[in-house]
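Asks: Dropping a structure here in structure tokens format, bear with me for questions.
The values are calculated or read from the model by the stated rules, or taken from the named source; none is laboratory data. Computed from a prediction, not measured in an experiment: that's the story for all the values here. Here Cβ is always computed from backbone atoms with ideal geometry, including for glycine, and neighbour counts include all displayed protein chains. Ligands, DNA and RNA are stripped out before the accessible areas are found, and what is left, the full protein with its side chains, is counted by its heavy atoms. Shrake-Rupley method; radii C 1.70, N 1.55, O 1.52, S 1.80 Å.
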Amino acid sequence: MNATASFLKLLFATLCLGALAGCNHNATGVDRAAAEPGGEASVTIMAFNVENLFDNVDDPGKEDRTYLARADKQSREHKAACNEIEVGRWREQCLEWDWNDAIIDRKLGVVAGVILQVGGGRGPDIVALQEVENIGILERLRTEYLAAAGYRPGILIEGDDLRGVDVAFLTRLELAEPPTLRRIDFTGAGEDRVYDTREILEATFVRPDGTLLTGYSVHFPAPFHPTEMREAAYRRLNALRAGLPPGRDAFAAGDFNTTSVEDREKDMLGRFVRPYWTVTHEVGCDGCKGTSYYAPRDDWSFLDMILWSQGSDSGKKATWHLRGDSVRIANAAPAQTRPDGTPWRFEMPGGSGVSDHWPVVVTIETK
């Protein structure tokens, strides 16, 4: 069986497992590890852009040729394709990076270390992930490196991003229904920009007390794209939230790609977020500079956020609340932080660092 067939077989099997597990609405099978004495319960959520979590198999139809072992980069066709890349740094990566098995093991190991620093070595209850290539590499992370977390089969639906990066979830909680990939209408943006975008992954989880929680894993268009594209993404997210049952709690977690400069100049959070969501790092995380650092401007941004929204008909009767003192940036794992105190991206050829993003963590709990 060739590599493509093996991947498709794994993808089919994993989606089937997820669908079978997710169709059970009965809370009897819910993992109750988050339950606390006295009938109280909590759910911890992490948003983590893992920065190019790729395998080294060429996925058909995706521009993932940078993430191949050097031995597989010697063909004339590969070199010709790389030489068409206009940005010199990316062209060199495509030609020279040796994304071999040892490097992948290193990447998976350090990503797992970041996740497991939460929850006393067990990881959060829900992890919203960005920049994951496919279900195969997600399942390797889950089964080989995150076994201690006890996560169910990963949640990833292949999207249209040309490089192949997708949004995903890992969780110990049961799914209430099959997950859905929600596309964003970027009308007017042009195909040359739309190809470099991701959809919104929607999943509904069964909390330890049997109530439902809908989550969105997001990775909005990068800052070099026009502001209008991120505005379209926020509108789509808000429309999805508005379409939920009135009593449903919801969160959105991931890389919103809204820089501090753009927010100041365009009031992005004021127009598209605060009227509908609680920005969790504005409730807690006192003294936090941000999750991403842009050296040319010496500027910090909360590109990565977790947004929380209580069901509209719950009011004072709400049973689940955001715990303000739980909001934090998880950056204590080895190799996450440079000596200058900024995020340490995963660097080649040696595989130092982890990601150019720090993850955000929050806890919701019953009262």
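Asks: Please tell me if Arg241 is open to solvent by 40 Å² or more (accessible area, probe 1.4 Å) and either modelled with pLDDT of 95 or more or assigned to a loop (DSSP other than H, G, I, E, B) (or both).
Replies: no
Asks: Oh, and also: For the list (1) over 13 Å from Val50 (Cα atoms); (2) crowded, with 17+ Cβ neighbours inside 10 Å, I need the number of the one condition that Glu191 fails.
Replies: (2)
Asks: Kindly evaluate Asp98 against the criterion of being open to solvent by 40 Å² or more (accessible area, probe 1.4 Å), at pLDDT 95 or above and not in a helix (DSSP H, G or I).
Replies: yes
Asks: Are there any pairs, at least 6 apart or on different chains, whose C-beta atoms fall under 8 Å, with the first in segment 110-130 and at positive phi and open to solvent by 10 Å² or more (accessible area, probe 1.4 Å) and the second in a loop (DSSP other than H, G, I, E, B) and modelled with pLDDT of 95 or more, and if so, which?
Replies: The qualifying pairs are Gly119/Asp125.
Asks: Over 19 Å from the mean Cα position of the chain (by Cα), open to solvent by less than 10 Å² (accessible area, probe 1.4 Å) and more than 23 Å from Gly119 (Cα to Cα), is that true of Gly311?
Replies: Yes; evaluated as a whole, the condition is true for this residue.
Asks: Shifting gears a bit: Only one residue in Asp105, Asp55 is within 23 Å of Leu170 (Cα to Cα), free of Cβ contacts under 8 Å to residues at least 40 places away in the same chain and within 28 Å of the chain's Cα centre (by Cα). Which one?
Replies: Going through Asp105, Asp55 in turn, just one is within 23 Å of Leu170 (Cα to Cα), free of Cβ contacts under 8 Å to residues at least 40 places away in the same chain and within 28 Å of the chain's Cα centre (by Cα): Asp105.
Asks: Among the residues of segment 132-143, are any surrounded by fewer than 17 Cβ atoms within 10 Å (Cβ to Cβ), under 26 Å from Leu181 (Cα atoms) and not small (Gly, Ala, Ser)?
Replies: Checked segment 132-143: at least one residue is surrounded by fewer than 17 Cβ atoms within 10 Å (Cβ to Cβ), under 26 Å from Leu181 (Cα atoms) and not small (Gly, Ala, Ser).
Asks: Pick out the one residue from Glu86, Glu63 that is in a loop (DSSP other than H, G, I, E, B), in contact (Cβ under 8 Å) with a residue 40 or more places away in the chain and open to solvent by 60 Å² or more (accessible area, probe 1.4 Å). Quick ask: steps written out before the conclusion?
Replies: Values: Glu86 fails: in contact (Cβ under 8 Å) with a residue 40 or more places away in the chain.
Of the residues listed, the single one that is in a loop (DSSP other than H, G, I, E, B), in contact (Cβ under 8 Å) with a residue 40 or more places away in the chain and open to solvent by 60 Å² or more (accessible area, probe 1.4 Å) is Glu63.
Asks: Within segment 324-367, work out how many residues are polar (S, T, N, Q) and in a loop (DSSP other than H, G, I, E, B).
Replies: Within segment 324-367, residues that are polar (S, T, N, Q) and in a loop (DSSP other than H, G, I, E, B) number 4.
Asks: Residue under question is Arg235, and the condition is that it be assigned to a helix (DSSP H, G or I) and not aromatic (Phe, Trp, Tyr); does it hold?
Replies: Details: assigned to a helix (DSSP H, G or I): yes; not aromatic (Phe, Trp, Tyr): yes.
Yes.
Asks: Taking the criterion of being of a type in the set (Gly, Ala, Ser), at pLDDT 50 or above and under 22 Å from the mean Cα position of the chain (by Cα), would at least one residue in segment 14-37 satisfy it?
Replies: no
Yes/no per residue for (1) surrounded by 19 or more Cβ atoms within 10 Å (Cβ to Cβ); (2) aromatic (Phe, Trp, Tyr); (3) under 20 Å from the mean Cα position of the chain (by Cα):
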position	(1), (2), (3)
Arg297	no, no, no
Ser326	no, no, yes
Ala335	no, no, yes
Phe346	yes, yes, yes
Ser355	yes, no, yes
Val361	yes, no, yes
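Asks: Please tell me if Lys317 is of a type in the set (D, E, K, R) and either crowded, with 17+ Cβ neighbours inside 10 Å or within 24 Å of Leu240 (Cα to Cα) (or both).
Replies: So Lys317 passes the test.
Asks: Let me ask another. Could you give me the residue pairs with C-beta distances under 9 Å whose first residue belongs to segment 139-162 and is closer than 23 Å to Glu199 by Cα and in a helix (DSSP H, G or I), whose second residue is open to solvent by 20 Å² or more (accessible area, probe 1.4 Å) and at pLDDT below 95 wherever it lies, and which are 6+ apart or on separate chains?
Replies: These pairs meet every condition: Glu139/Leu10.
Asks: Something else about it: Does Ala168 meet the test of being more than 13 Å from the chain's Cα centre (by Cα) and of a type in the set (A, V, I, L, M)?
Replies: no
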